[in-house]
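Enquirer: I have a structure I would like to understand better, so I am pasting it below and will then ask my questions one at a time.
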Amino acid sequence: MLDAFLAWLIDKLPRLSPHPVAAKLQEAAQLLAASQPTPEVRSPDSGRTAQDLMASYEEFLAQQEWELALDTLAELGATLAPVPARFWELLAEAAAQMQLPATGAYWQQWRPAPAD
């Protein structure tokens, strides 16, 4: 089941939009795919499976609904935690490109280290 999910996920990723925000989101999604997520894991927030969340992310991205795609990836990252720090960094960069306020799961998870 996991192999089929990963194959499906990897097959879908190259078709995503080349928009700069989409590129950040696509890179973050690829990091999740590389971490070999379990598709049956359920989000504690929505109760949706990782596979359902990824399908929603892909749909939002195809419709150029960047903020919804970002929020869905953030939920997926929180569900599959721990994920690479670069994942949260990419979501924060995408949020900054969209000029979103510094709130949400992507800002909660990733913050620059305070200067000493």
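The values are calculated or read from the model by the stated rules, or taken from the named source; none is laboratory data. Since the model is a prediction, treat every value here as computed from it, not as a measurement. Reconstructed Cβ throughout: ideal geometry from the backbone, glycine too, with neighbour counts over all protein chains shown.
Enquirer: So L90 fits all but one of (1) touching a Lys or Arg at 6+ places or on another chain (Cβ under 8 Å); (2) loosely packed, with under 15 Cβ neighbours inside 10 Å; what number is the exception?
Expert: Status for L90: all satisfied but (2).
Enquirer: Considering only segment 22-42, I want to know if a residue exists there that is basic (K, R), in contact with a strand residue (DSSP E or B) (Cβ under 9 Å, 6 or more places away or on another chain), buried (at least 17 other Cβ atoms within 10 Å of the Cβ) and free of Cβ contacts under 8 Å to residues at least 40 places away in the same chain.
Expert: For segment 22-42, residues basic (K, R), in contact with a strand residue (DSSP E or B) (Cβ under 9 Å, 6 or more places away or on another chain), buried (at least 17 other Cβ atoms within 10 Å of the Cβ) and free of Cβ contacts under 8 Å to residues at least 40 places away in the same chain: absent.
Enquirer: Being in contact with a helix residue (DSSP H, G or I) (Cβ under 8 Å, 6 or more places away or on another chain), more than 20 Å from P37 (Cβ to Cβ), acidic (D, E) and assigned to a helix (DSSP H, G or I) narrows it down to one residue among E93, E67, E75; which is it?
Expert: Details: E67 fails: in contact with a helix residue (DSSP H, G or I) (Cβ under 8 Å, 6 or more places away or on another chain); E75 fails: more than 20 Å from P37 (Cβ to Cβ).
None of the other options fit; the residue is E93.
Enquirer: Just to be sure I understand, how many residues within segment 50-64 are part of a helix (DSSP H, G or I) and either out of contact with any Lys or Arg (no Cβ under 9 Å at 6 or more places or on another chain) or free of Cβ contacts under 8 Å to residues at least 24 places away in the same chain (or both)?
Expert: So the answer is 9.
Enquirer: Also, I was wondering about something else. Can you say whether E59 is modelled with pLDDT of 90 or more, surrounded by fewer than 21 Cβ atoms within 10 Å (Cβ to Cβ), in contact with a Leu (Cβ under 6 Å, 6 or more places away or on another chain) and under 25 Å from Q97 (Cβ atoms), as far as the supplied structure shows?
Expert: It is false that E59 is modelled with pLDDT of 90 or more, surrounded by fewer than 21 Cβ atoms within 10 Å (Cβ to Cβ), in contact with a Leu (Cβ under 6 Å, 6 or more places away or on another chain) and under 25 Å from Q97 (Cβ atoms).
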